[in-house]
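Enquirer: I am attaching a structure below and will ask some questions about it afterwards.
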């Protein structure tokens, strides 16, 4: 039976479930190819970063289910999930992934809107009269 490595990555409101299997390097996101789901080359590069750093590019087939957020947030969530899965594959990848910051979940979130304000910090125009 083929071994699978399952992990979860997240960023802002995006959550990515990643399944890693030994294969030829095919990446499938929400049942679509990487190039058709994420057309921007810079975001594709973000997704590939953990594989490039650990030189495992083309060794694993990756199946990803991602939801929430925008394309940028989703691609960073996928990167986080792939990095976590690679650590499950082999613990020796941990130092290089950790030094590049791919294992840390980025805690920054959108600040909530406050009452009496237009947005989180912007107020309505003040007039004395």
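The values are calculated or read from the model by the stated rules, or taken from the named source; none is laboratory data. What you are looking at is a predicted structure, and each value in this text was computed from that prediction instead of being measured. Virtual Cβ from ideal backbone geometry, glycine too; neighbours counted across all protein chains shown.
Enquirer: Can you name every residue in the range 35-50 that is more than 17 Å from residue 84 (Cα to Cα) and within 13 Å of the chain's Cα centre (by Cα)?
Expert: Hits for the range 35-50 are 38, 43, 44, 45.
Enquirer: Please work out if residue 69 is modelled with pLDDT under 95 and under 22 Å from residue 27 (Cβ atoms).
Expert: So residue 69 passes the test.
Enquirer: Check whether at least one residue in the range 9-31 is exposed (fewer than 12 other Cβ atoms within 10 Å of the Cβ), more than 11 Å from residue 82 (Cβ to Cβ) and out of contact with any strand residue (DSSP E or B) (no Cβ under 7 Å at 6 or more places or on another chain), and report yes or no.
Expert: yes
Enquirer: Quick one: which of 57, 106, 90 is in contact with a strand residue (DSSP E or B) (Cβ under 9 Å, 6 or more places away or on another chain) and either at pLDDT below 95 or within 16 Å of residue 29 (Cα to Cα) (or both)?
Expert: Criteria check complete, one pass: 106.
Enquirer: Oh, and also: I want to confirm something. Restricting to the range 88-106 and keeping residues that are assigned to a loop (DSSP other than H, G, I, E, B) and over 13 Å from the mean Cα position of the chain (by Cα), which single residue is nearest to residue 10 (Cα to Cα)?
Expert: Looking at residues that are assigned to a loop (DSSP other than H, G, I, E, B) and over 13 Å from the mean Cα position of the chain (by Cα), I get 100.
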